[in-house]
Every structure is written in structure tokens, then in C-alpha cells.
Amino acid sequence: MAITGASGAPYAVRLLQLLTMATRPVSLIVSAHGLRLLHTESDLESMDDLRRAVGGAAWDACVTVYEDTDRGAAPASGSAPSAGMVICPCSMGTLAAVACGASRSLIERAADVALKERRPLILVPRETPLSIIHLENMLRVSRAGAVVLPAAPGFYHRPTDIAALVDFVVARVLDHCGVLQTVVPRWGEGTGGAGTTRRPRGRPSARVD
Ligand SMILES: Cc1cc2nc3c(=O)[nH]c(=O)nc-3n(C[C@H](O)[C@H](O)[C@H](O)COP(=O)(O)O)c2cc1C
């Protein structure tokens with residue numbers, strides 16, 4: 001998992017919480033601007049702060065941190081075992097670098113490796129409006145096999161707080177990571193779809209299977 005400098009630090013924190021609750025091993029890379037946005041948006045000034053926000057014990061059991069400047073670290077090689085990669089949030093800068101295979105940082109190289117090894121690569125961009133260059137880069141990475149999953153929460157689960165909006169996006173990411181999640185009811189399971197009962201308002205359960 002990589003965290004880059006797009007707005008959306010709360011998505012990254014919640015995704016890490018749920019991945020570690022699901023006891024998934026996580027190789028974590030945070031770009032310099034990813035850390036800057038964690039500070040700006042979530043008051044997390046350091047990796048120690050991020051560890052505490054995720055949950056110290058779960059973090060210690062699951063998370064290995066790599067420096068974004070270290071292009072010789074394990075995620076730089078296709079021989080390192082990996083179930084895939086998610087970049088959440090993904091800046092337009094990192095998207096562009098992935099789209100052209102720049103590999104000028106560990107994050108960019110690990111994404112390049114995911115594509116060449118035909119492993120899942122999930123990008124969670126956040127930008128608005130989108131330029132033609134942004135759109136073309138998204139098309140390019142999609143054609144190369146990545147999933148572009150914009151940080152664009154829906155409203156049909158009747159969110160009443162920011163946490164519910166965050167969970168909406170993170171739940172879709174977990175679906176694409178192959179991690180079974182129950183934090184947001186699926187359409188038709190209490191979300192107000194035809195033949196269903198609407199779920200009571202409030203934050204969904206944090207249970208992850
Ligand atoms: C407060 C702040 C908010 C930003 N929000 C976004 C954003 O939503 N999307 C984006 O693509 N870039 C955004 N940026 C710009 C990126 O952080 C910048 O392009 C950076 O070089 C990305 O580097 P990285 O991909 O290595 O993290 C923001 C920057 C700052 C300081």
C-alpha cells in the first residue's frame with residue numbers, strides 16, 4: 001500500500017485500520033507529500049503518529065514500512081511476493097508517473113512491478129476537475145490493467161458523518177483487494193434497494209471478516 005499527496009488522508013488511515021484488522025500483511029510506502037497530507041488533514045505528523053492512529057498492536061503485527069526513496073527495497077522487485085498494490089490516495093503526479101512507467105521512486109517502481117507481474121493495482125485518485133492529461137493517464141493505466149477507483153463516495157447508504165463517507169470508498173477498495181468487508185452494507189442488503197429494509201442511520205459496523 002502506498003499513500004501519496006492527494007487529498008484523502010482519512011481514506012488511507014481507515015484502509016490501514018481495516019487491512020490490519022483483517023490481519024493482512026501490509027508493505028507500506030508513504031511519499032513525502034503523502035506524509036504532508038496526513039499532517040494537514042489528519043493531524044498525523046510522523047509515522048509513529050500514523051501507527052498510533054491505525055492501532056499500535058495491529059500495526060506491529062502486520063505493517064512493514066519502506067522508504068519511498070529506496071528503490072532497492074523489496075517492493076521494487078517482482079520476485080518479492082505480493083497480492084497486489086493499492087495507492088490510496090493517489091495524486092495526479094503519481095498517476096502520471098505510473099502511466100508512463102517512470103519508476104523514479106519506490107512507489108512508482110512498485111506500481112510498475114504490479115503491472116508487469118499482472119498483479120492487481122488499485123489507484124484511488126482525488127482531483128477535480130480533471131484535465132485531459134489526467135483523463136488520458138487514467139485511461140492509460142486502466143488499459144495496462146490497473147483499477148482506477150476514484151475517491152468518490154456515494155450517498156445511497158445515507159451517510160450522516162464523514163466516517164461513513166470514508167468507509168464507502170474504503171469498502172470498495174477492500175472489495176478490489178479481495179478482503180471481505182462488512183463496514184458498508186451492499187446494495188440490496190439494507191441499503192434501501194428494492195425489496196430491502198433501510199439500515200438505521202449511523203456509522204456502520206467496523207467488523208471485517
Ligand atoms: C494541501 C494539499 C492538497 C493537495 N491535494 C491534491 C489532490 O487532491 N490531488 C492531487 O493530485 N494532488 C494534490 N496535491 C498536490 C500533490 O501533493 C503534489 O502534486 C505532490 O507533488 C504529489 O507527490 P506524490 O505523488 O509523490 O505524493 C495537494 C498538495 C497539497 C499541499
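Annotations
- Residue under evaluation T94, criteria (1) in contact with a Pro (Cβ under 8 Å, 6 or more places away or on another chain); (2) touching a residue at least 60 places away in the same chain (Cβ under 8 Å); (3) within 14 Å of the ligand (Cβ to nearest atom), criterion not met: (1)
- Top-ranked residue of the range 113-127 - restricted to ones that are assigned to a loop (DSSP other than H, G, I, E, B) and over 22 Å from L15 (Cα atoms), ranked as nearest to the ligand (Cβ to nearest atom): E117
- Among (1) touching a Gly at 6+ places or on another chain (Cβ under 8 Å); (2) assigned to a helix (DSSP H, G or I), the one test that A110 misses: (1)
- Output for the range 128-169, where each listed residue is within 13 Å of the ligand (Cβ to nearest atom) and hydroxyl-bearing (S, T, Y): T128, S131
- Failed condition for R172, given (1) within 16 Å of the ligand (Cβ to nearest atom); (2) free of Cβ contacts under 8 Å to residues at least 24 places away in the same chain; (3) basic (K, R): (1)
- Selection of the range 1-55 for residues being away from the ligand (no atom under 16 Å from the Cβ), open to solvent by 50 Å² or more (accessible area, probe 1.4 Å) and over 15 Å from Y66 (Cα atoms) yields M21, T23, R24, R52.
The values are calculated or read from the model by the stated rules, or taken from the named source; none is laboratory data. Since the structure is predicted, the reported quantities are computational estimates derived from the model, not experimental observations. Cβ atoms come from the backbone with ideal geometry, glycine included; neighbour counts cover every protein chain shown. Surface accessibility is based on the protein's heavy atoms, side chains included, excluding ligands, DNA and RNA. Shrake-Rupley method; radii C 1.70, N 1.55, O 1.52, S 1.80 Å.
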